[in-house]
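One structure is given here, and the rest of the page talks about it.
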Amino acid sequence: MQIFHKKEALIEFLQKEKNVPQTIGLVPTMGALHKGHLSLVENALQNNTLVVVSIFVNPTQFDNKSDLEKYPKSLENDLEKLKSLSDNLIIFAPSAEDIYDDNITSEAFDFDGLENEMEGKFRSGHFDGVGTIVKKLFSIVTPNNAYFGEKDFQQLQIIKKMVEKNQLPVNIVGCPISREENGLAMSSRNERLPKEVREKASFIYETILKAKEKFGTESAIDTVNWIEKQFSSNANFKLEYAEIANEKTLKPVKTKKDNEHYRLFVAVYANDIRLIDNVALN
Ligand code: PAF
């Protein structure tokens with residue numbers, strides 16, 4: 001396993017590697033790796049000759065300073081986990097100064113309105129920060145394939161839009177959500193949940209699965225109202241939003257149409273920890 005902390009050194013290394021034909025896979029992460037991340041890396045290893053995993057807590061995508069400060073960091077632990085998958089991984093763990101050239105700001109993007117739905121309403125500037133770092137990583141690593149989890153489904157659609165609009169030569173691979181045994185969607189933030197809250201958080205997935213069933217016979221608005229009611233009678237979790245949206249446009253659904261694909265999205269607070277989840281409805 002080779003670890004790079006400076007982008008120039010990684011670029012030089014990759015240029016040499018490209019002397020022989022390579023398929024490069026990139027798995028961008030913010031570290032605090034869990035099984036969900038590792039499944040992205042496994043997918044990348046199966047389908048590329050060279051895999052780069054980036055580990056970088058990107059400051060420009062945090063609208064809340066304390067969320068950034070509290071974001072779990074565990075580089076040594078992450079490296080151990082990656083090593084157990086393969087000795088041939090390339091790790092890129094830069095500093096903010098290195099990757100941003102001392103100008104730690106976001107580019108302003110237009111994602112055709114995808115950025116204004118759901119997470120965009122509650123996390124100001126978040127997707128500009130994500131777009132900025134992912135575009136930088138693509139230009140440093142020049143991957144053929146890049147892997148993102150469907151837990152951040154809106155992020156996945158936004159990255160696909162950025163690639164399409166900028167005609168970037170990279171294939172975006174969306175990977176299914178990995179879940180803990182009780183159904184809670186895996187997230188680095190789960191580490192911050194007290195044990196008993198983490199156990200009770202099965203409620204989130206259970207509720208969205210029941211809502212999925214309801215949506216089979218009821219309207220989107222009735223299903224969302226039902227979810228809101230479930231959360232208002234559970235003191236452990238505070239629902240920020242529940243939304244049933246078209247998978248492509250991410251716009252909320254008013255009337256169901258047979259040939260469209262819908263997803264249910266929720267954002268929930270457990271204490272001060274924000275969790276998101278989603279499920280395909282049809
Ligand atoms: O999903 C994440 O962990 C981050 O948003 C990403 C894609 C690594 C960009 O910082």
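Some values worked out for this structure:
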read-out: Cα centroid of segment 116-178 to Cα centroid of segment 50-96, whole Å; value: 17 Å
read-out: 5 angstrom amide H check on GLY149, placed H, neighbours 5+ away; value: CYS175
read-out: Packing rank of 10-16, 135-141, 64-70, 20-26, where each peptide gets the mean count of other beta carbons within 10 Å, highest leading; value: 135-141, 20-26, 10-16, 64-70
read-out: Point-charge dipole on Cβ atoms (K/R +1, D/E -1) for segment 234-275, about Cα centre, debye to 20; value: 140 debye
read-out: Karplus 3J(HN,Hα) series, Hz, for segment 148-161 with 6.51 cos²θ - 1.76 cosθ + 1.60 (x for Gly, Pro); value: 9, x, 6, 4, 8, 5, 5, 4, 4, 5, 5, 5, 4, 5
read-out: Span from the segment 186-264 Cα centroid across to the segment 1-46 one, whole angstrom; value: 34 Å
read-out: Sorted peptide list for 37-43, 249-255, criterion being average Cβ within 10 angstrom, highest first; value: 37-43, 249-255
read-out: Amide H partners (placed H, <5 Å) of PHE56, local residues excluded; value: THR29, MET30, GLY31
read-out: Karplus-derived HN-Hα couplings along segment 67-75 (A = 6.51, B = -1.76, C = 1.60, θ = phi - 60°), whole Hz, x at Gly and Pro; value: 4, 5, 5, 8, 4, x, 10, 7, 4
read-out: Sequence-distant residues sharing a close amide H with LEU193 (under 5 Å, placed H); value: none
read-out: Accessible area (Å², 1.4 Å probe, nearest 10) - MET30; value: 40 Å²
read-out: Unsatisfied cross-links (Cα-Cα over 22 Å) in the set LYS151/LYS238; LYS7/LYS70; LYS35/LYS73; LYS151/LYS257; LYS70/LYS248; value: LYS7/LYS70; LYS151/LYS257; LYS70/LYS248
read-out: Sparse-neighbour loop sites [GluC sites (Glu not before Pro); segment 154-260; at most 10 other C-beta within 10 Å; DSSP]; value: GLU181
read-out: Accessible surface, segment 85-232, averaged per residue in Å² (probe 1.4 Å); value: 46 Å²
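The values are calculated or read from the model by the stated rules, or taken from the named source; none is laboratory data. Everything quoted here is computed from the prediction, not taken from an experiment. Counting neighbours? That spans all protein chains shown, and the Cβs are built from the backbone with ideal geometry, glycine included. These area figures cover heavy atoms from the full protein model, side chains too; ligands, DNA and RNA do not enter into them. Shrake-Rupley method; radii C 1.70, N 1.55, O 1.52, S 1.80 Å.
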